[in-house]
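Participant: After the structure tokens below, expect a handful of questions from me.
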Amino acid sequence: MVLCGPIDQGSHMSWFGKEKSPDGTNIIRHNAVERKFGFTEKSTAGFAQKREAAYEKLFGKALRVSHEVIPQVPHIDVYIFQRSRGDQIEYSLVTGGMSDLKMTLPRRAKDVPRRVELIFYCAEPRDEYISTLRWIAHFPHDSKSWLGYGHTMPNGAPQPLFGEAQNSIRFCLCRRS
């Protein structure tokens, strides 16, 4: 998923020329930033308590929580919720901790939340879904960027052809209305 949105060229992000996709969309390349380890400067325990209360109202009691073992900034846990629809069982994987820090928004971004969490719906809570969701939650903080409605990210460089990427995980970032 390429994280790009309505970013002005005067923003903090660097451009490699005016690189464009085949449809003319600007491509933004993010420089690798060293990931922070440890803890946030201010305690975020209050955020976690409020988040967990909201999650319980929305999704019910968590089946389990996948805790981030290595203390990274921000600390991202993934909550696993289960629900039944008729004879179908579905799962919701929800990040907890991404919103502890504000994302870095471009100057022209209007009505864009600086703090978000991610939700991924699936038929079973596989480890690769959990680790990918955690990686995506760290991305805007590690790259001093942001995630928002309609953003995409690449599956690597060079990007694999669609037919070769059968085992990749695809996400769509949606706005809750």
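What follows is calculated from the coordinates using simple rules that are stated; it is not laboratory data. Just so you know, these numbers come straight off a predicted model, no measurement behind them. Methodologically, a virtual Cβ is constructed for each residue, glycine included, from the backbone with ideal geometry; neighbour enumeration extends over all protein chains shown.
Participant: Reachable lysines from Lys61, Cα under 16 Å, same-chain residues fewer than 8 places away excluded?
Facilitator: Counting by Cα, and skipping residues close in sequence, Lys61 has these lysines nearby: Lys50.
Participant: If R0 is 25 Å, what FRET efficiency do you get for Glu90 and Val69 from their C-beta distance, rounded to 0.05?
Facilitator: It comes out at approximately 0.40.
Participant: A further question follows. Where does each of Ser99, Ser145, Ser131 land when they are ranked from fewest to most other beta-carbon atoms within 10 angstrom?
Facilitator: Ser131, Ser99, Ser145
Participant: What number do you get for segment 45-142 when its Cα radius of gyration is normalised by 2.2 N^0.38 Å, N = residues?
Facilitator: 1.13
Participant: Report the gain in length on full extension from Lys110 to Lys50: 0.36 nm times residue separation, minus Cα-Cα distance, nm rounded to one decimal.
Facilitator: 19.0 nm
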